[in-house]
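Inspection log for the structure reproduced underneath, given as structure tokens.
The values are calculated or read from the model by the stated rules, or taken from the named source; none is laboratory data. None of these values were measured; they are calculated from a predicted model. Glycine also receives a Cβ, built like all others from the backbone with ideal geometry; neighbour counts cover every protein chain displayed. Areas reflect the complete protein model, heavy atoms only, side chains present, ligands, DNA and RNA absent. Shrake-Rupley method; radii C 1.70, N 1.55, O 1.52, S 1.80 Å.
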Amino acid sequence: QLQASGGGLVQAGGSLRLSCAASGRTYAMGWFRQAPGKEREFVATIKWSGGSIYYTDSVKGRFTISRDNAKNTVYLQMNSLKPEDTATYYCAAGPVVATRSLSYDSWGQGTLVTVSS
């Protein structure tokens, strides 16, 4: 079971940190987002044991995914936010490090991020 939190309203250029608490350990955790009228897209993923991190090109250099093993929590630090980052963000857990949503078998409820211009 995954519980995402940390979304909110922020001005362009601002920062937010999303959290995703997992009830158990999994191989990989990912963040996806879905803007109104658009398909869900990959944002970032991390191997729980470390060593493999991937980002979609549009967030490289601005977003950082990390994990806290003791808390079973994955974070997405989002800096230099842009209006086009506005979306509902979902965390997901799965058995492989992947950019495809179908590779993940457990999903959080989503947290809304709104970036105003």
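Could you tell me how many of the residues in the stretch 55-86 are closer than 14 Å to Phe32 by Cα, among the aliphatic types (A, V, I, L, M) and out of contact with any Phe, Trp or Tyr (no Cβ under 6 Å at 6 or more places or on another chain)? Within the stretch 55-86, residues that are closer than 14 Å to Phe32 by Cα, among the aliphatic types (A, V, I, L, M) and out of contact with any Phe, Trp or Tyr (no Cβ under 6 Å at 6 or more places or on another chain) number 3. A single member of Tyr54, Tyr75 is assigned to a strand (DSSP E or B) and open to solvent by 80 Å² or more (accessible area, probe 1.4 Å), and it is Tyr54.
Put simply, of Ser23, Ser15, Ser66 the only residue that is surrounded by 13 or more Cβ atoms within 10 Å (Cβ to Cβ) and of a type outside the set (A, V, I, L, M) is Ser66.
Taking the stretch 3-12 as the range and being at pLDDT 95 or above, assigned to a strand (DSSP E or B) and open to solvent by less than 60 Å² (accessible area, probe 1.4 Å) as the test, the residues that pass are Ser5, Gly8, Val10. If Ser80 satisfies every condition in (1) free of Cβ contacts under 8 Å to residues at least 40 places away in the same chain; (2) open to solvent by 50 Å² or more (accessible area, probe 1.4 Å) but one, which is the exception? Ser80 satisfies every listed condition except (1). Does at least one position in the stretch 84-106 carry a residue that is basic (Lys, Arg) and under 13 Å from Arg40 (Cα atoms)? Within the stretch 84-106, one or more residues are basic (Lys, Arg) and under 13 Å from Arg40 (Cα atoms). The residue pairs whose first member lies in the stretch 9-28 and is more than 28 Å from Gly50 (Cα to Cα), whose second member is modelled with pLDDT of 95 or more and assigned to a strand (DSSP E or B), and whose beta carbons are closer than 6 Å, counting only pairs six or more residues apart or on different chains, are Leu9/Thr114; Val10/Leu16; Val10/Val115; Gln11/Ser116; Ala12/Val115. Return the pair list, or none, for Cβ contacts closer than 7 Å from residues in the stretch 30-48 that are outside any strand (DSSP E or B) to residues that are open to solvent by 20 Å² or more (accessible area, probe 1.4 Å), at least 6 apart or on different chains. Listed by first residue and then by second, the contacts come to Ala35/Thr86; Arg40/Gln34; Arg40/Ser101; Trp48/Arg25; Trp48/Thr26; Trp48/Tyr27; Trp48/Arg67. For the stretch 91-113, taking the residues that are touching a helix residue (DSSP H, G or I) at 6+ places or on another chain (Cβ under 9 Å) and open to solvent by 40 Å² or more (accessible area, probe 1.4 Å), the one that is nearest to Leu16 (Cα to Cα) is identified as Trp107.
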